Amino acid sequence: MVTVVPSATRKITSVNPATGEVLAEFEPATEQQVRAAVARAQTAQAGWKEIGVERRARILGNFQRRLREKKSEVARIITRETGKPLAEALVAEVLVVLDAARFSCEHAFRFLREEALPHDNWAMKTKSGRILREPYGVIGIISPWNYPLSIPATETLAALVTGNAVVLKPSELTSCTALVLGDLVCEAGVPRDVFQVLIGDRITGSALLHSPIDKLVFTGSLATGKQIAQVAASRLLPLVLELGGKDPMLVLADADVEVASSGAVWGAFTNAGQACLSVERCYVDRKLYQPFLAACVEKTRRLRVGNGEAPAIDVGPLIGERQLEIVESQVEDAVARGARVLVGGSRLKKVGSNFYAPTILADVTHQMRVMREETFGPVLPVMPFDSEGEAVRLANDSEYGLGASIWTRSRRRGEQLARQIQAGTVMVNDALSSFGIAEAPHGGMRMSGVGRTHGRFGLEEMVRIKYVDTDRMPGRKKVWWYRYGERFPQQMEALIDLMFAGGMGERLRGARKVAGVLESKERL
Ligand code: NAD
């Protein structure tokens, strides 16, 4: 467990990373407050489940309407707290959440409907089975700062519509956005105790993890994810882990260089590279390597870097010093091992203390940290390959497996190659945007995590499966109950032959031996 420092000595400060302006200060929730919030959520959840999916969907529809009405205000708060361009706050946050709300409202009713379970086992023909999907109870959500609205909101919507209560512990860097989400959800008609936002840091997150929640949906770094998984394992707490990535981009020989280079620049630098699905490493067929690099460099030079609140800004600041140091040290390591900086490669102190120039690296190798560790900054390392086999091998040479992209004029080739890439999502001729498709499952393999958010699979994570089985002949004792008697094993061998023997003759012999079992067997 994380060492607990009394909350009075800790402050949660929300800062605009573009300007350094302090936006707000908060007291973190104490361990007792976390436990009390979870207890209130447990009590309130029963009523929320009881009102039924149609009413819950109507209430979340209200949330969707309110968010649309307040879209500009919400986007501005996100931009002030993260520095990202206003356009990105609208497209990758507000729009994504509106569409997730649409999906939840439209699909939850059908998703939660009881499902009849037909079966073919002859011995069980008197039974009728049904699958029920029931809410877990209280879902804890711990979220990061890079998409402070879209990540917690999409997870919250899926949890709420399926009948759970939610306790959200947002990133300590983006508390203002989380509180806006809390207000919008509650103003829409979700009871206060059914959706609670607890401001705090890792200590608060740890308190939530140790509280009696029924499931945890965690989005954040691999290092934290591993710590959380260890604690969760000790009490078998169900988990979804959405962790880091090192997404490869493969540019095949038949790709359109003009299109792929624009995709690479956007995919690597959107949100200043601080996206779990960012293009983190790029592999280009050697025939296109030079023209591709030249196009990427030229387009990167034209990007406008600055405060995301200013008009027409393309790339904002990094979230803070810790992130800058990671980026800086990976670029330094790459250069020391022989990489060439084609553009960028340093801080932009004149723009502000958290800005780093969009950077393109050539002559990179897999010995460099920039090709192995998550960078989470505006760096695009580009490496040539000589065959598609080599490209796939390089793409899969990573401990992560979140997303990947393949760029080609041949849809068939792209989709074929996608099957060989070890990742939760592979996009052909685009990157990142799968996150904006409400129906598309989001999540990774290997060190990128377990479980899924978004779409039908995101809803599945929010429910427990219960199998209800009813015998249609309640007045009859079952043949497999006591007493077994002496002849029963042979009769069961005959039943097995009747059901599974390869030839018709053997099956008929089995049938003859079985006949009469039901009537003649002694039952206690
Ligand atoms: P982080 O792991 O530092 O923090 C994430 C959250 O966990 C924060 O709310 C933090 O307060 C909390 N936390 C930290 N330590 C904790 C502990 N011991 N117990 C409980 N809670 C704890 O990550 P970050 O820097 O906020 O986010 C960036 C990371 O998130 C990157 O690695 C990125 O790839 C990843 N990410 C993944 C996805 C995805 O969907 N796979 C999406 C966005 C970000």
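The values are calculated or read from the model by the stated rules, or taken from the named source; none is laboratory data. Predicted, not measured: the structure shown is a model, and the values here were computed from it. In this analysis, Cβ positions are derived from the backbone assuming ideal geometry, glycine residues included, and neighbour counts consider all displayed protein chains. Heavy atoms of the whole protein, side chains included, go into the accessibility calculation; ligands, DNA and RNA do not. Shrake-Rupley method; radii C 1.70, N 1.55, O 1.52, S 1.80 Å.
Can you find a residue that is assigned to a helix (DSSP H, G or I) and not β-branched (V, I, T) anywhere in region 127-150? Yes, some residue in region 127-150 is assigned to a helix (DSSP H, G or I) and not β-branched (V, I, T). Among residues of region 236-253 being within 11 Å of the ligand (Cβ to nearest atom) and aliphatic (A, V, I, L, M), the one that is surrounded by the fewest Cβ atoms within 10 Å (Cβ to Cβ) is V240.
Among the residues in region 226-235, are any within 8 Å of the ligand (Cβ to nearest atom), at pLDDT 95 or above and in contact with a Gly (Cβ under 9 Å, 6 or more places away or on another chain)? The answer is yes; a qualifying residue exists. For region 123-146, a residue qualifies if it is among the hydroxyl-bearing types (S, T, Y), open to solvent by 20 Å² or more (accessible area, probe 1.4 Å) and under 33 Å from the mean Cα position of the chain (by Cα), and exactly one does: Y136. In this entry, E25 is excluded by the filter for residues that are more than 16 Å from P191 (Cβ to Cβ) and in a helix (DSSP H, G or I). Beta carbons closer than 6 Å, at least 6 apart along the sequence or on distinct chains, pair a first residue in region 163-177 that is more than 22 Å from L60 (Cα to Cα) with a second that is among the charged types (D, E, K, R) and open to solvent by 10 Å² or more (accessible area, probe 1.4 Å) for E172/D201. Figure legend. Inter-residue proximity from region 304-318: first residues more than 12 Å from N271 (Cα to Cα), second residues charged (D, E, K, R) and part of a loop (DSSP other than H, G, I, E, B), beta-carbon distance below 7 Å, spacing 6+ or different chains. Indicated pairs: R304/D314; A312/R304.
Is it true that V305 is in contact with a helix residue (DSSP H, G or I) (Cβ under 8 Å, 6 or more places away or on another chain) and crowded, with 20+ Cβ neighbours inside 10 Å? Spelling it out, it is not the case that V305 is in contact with a helix residue (DSSP H, G or I) (Cβ under 8 Å, 6 or more places away or on another chain) and crowded, with 20+ Cβ neighbours inside 10 Å.
Just one residue in the set R286, R281 is open to solvent by 60 Å² or more (accessible area, probe 1.4 Å), charged (D, E, K, R) and in contact (Cβ under 8 Å) with a residue 60 or more places away in the chain; that residue is R286.
Considering only residues that are touching a strand residue (DSSP E or B) at 6+ places or on another chain (Cβ under 8 Å) and either assigned to a strand (DSSP E or B) or of a type in the set (V, I, T) (or both), which ones fall in region 461-514? Of everything in region 461-514, those that are touching a strand residue (DSSP E or B) at 6+ places or on another chain (Cβ under 8 Å) and either assigned to a strand (DSSP E or B) or of a type in the set (V, I, T) (or both) turn out to be V463, R464, I465, K466, Y467, V468, D469, T470, D471. Among the candidates A431, A423, A440, the residue that is under 26 Å from A153 (Cβ atoms), within 16 Å of the ligand (Cβ to nearest atom) and surrounded by fewer than 24 Cβ atoms within 10 Å (Cβ to Cβ) is uniquely A440. Taking region 91-122 as the range and being assigned to a helix (DSSP H, G or I), more than 30 Å from L495 (Cβ to Cβ) and open to solvent by 70 Å² or more (accessible area, probe 1.4 Å) as the test, the residues that pass are V91, L95, E106, F109, R110.
Can you tell me which residue is farthest from the ligand (Cβ to nearest atom) among those in region 178-191 that are touching a residue at least 60 places away in the same chain (Cβ under 8 Å) and surrounded by fewer than 24 Cβ atoms within 10 Å (Cβ to Cβ)?
Within region 178-191, the subset touching a residue at least 60 places away in the same chain (Cβ under 8 Å) is 180, 184-185, 187-191.
With the extra rule that they be surrounded by fewer than 24 Cβ atoms within 10 Å (Cβ to Cβ), the set shrinks to 180, 184, 187-191.
On the way: V180: 16, L184: 20, E187: 24, A188: 24, G189: 27, V190: 22, P191: 24 Å.
Result: G189.
Residues in region 223-238 include at least one that is in contact (Cβ under 8 Å) with a residue 12 or more places away in the chain, in contact with a His (Cβ under 8 Å, 6 or more places away or on another chain) and part of a helix (DSSP H, G or I). Taking first residues from region 398-418 that are touching a residue at least 24 places away in the same chain (Cβ under 8 Å) and of a type in the set (S, T, Y) and partners that are part of a helix (DSSP H, G or I) and away from the ligand (no atom under 16 Å from the Cβ), the Cβ contacts under 6 Å between residues at least 6 apart in sequence or on separate chains come to T408/G414.
Residue by residue, here is whether (1) assigned to a loop (DSSP other than H, G, I, E, B); (2) within 16 Å of the ligand (Cβ to nearest atom); (3) of a type outside the set (D, E) holds:
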| site | (1), (2), (3) |
| --- | --- |
| A264 | no, no, yes |
| A268 | no, yes, yes |
| L288 | no, no, yes |
| V297 | no, no, yes |
| I319 | yes, yes, yes |
| D333 | no, no, no |
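May I ask you to list the residues in region 211-225 that are near the ligand (Cβ under 10 Å from one of its atoms) and of a type outside the set (A, V, I, L, M)? Across region 211-225, the qualifying residues are F218, T219, G220, S221, T224, G225.
Please go through region 151-195 and give me each residue that is part of a loop (DSSP other than H, G, I, E, B) and within 17 Å of the chain's Cα centre (by Cα), ordered by number. Steps first, please.
Taking region 151-195 first, the residues part of a loop (DSSP other than H, G, I, E, B) are 162-164, 170-174, 188-194.
Of everything in region 151-195, those that are part of a loop (DSSP other than H, G, I, E, B) and within 17 Å of the chain's Cα centre (by Cα) turn out to be P170, S171.
The residue list D201, D256 contains one member that is in contact with a strand residue (DSSP E or B) (Cβ under 9 Å, 6 or more places away or on another chain) and either of a type outside the set (D, E, K, R) or away from the ligand (no atom under 15 Å from the Cβ) (or both), which is D256.
In this structure, E309 qualifies as away from the ligand (no atom under 16 Å from the Cβ) and more than 26 Å from M445 (Cα to Cα).
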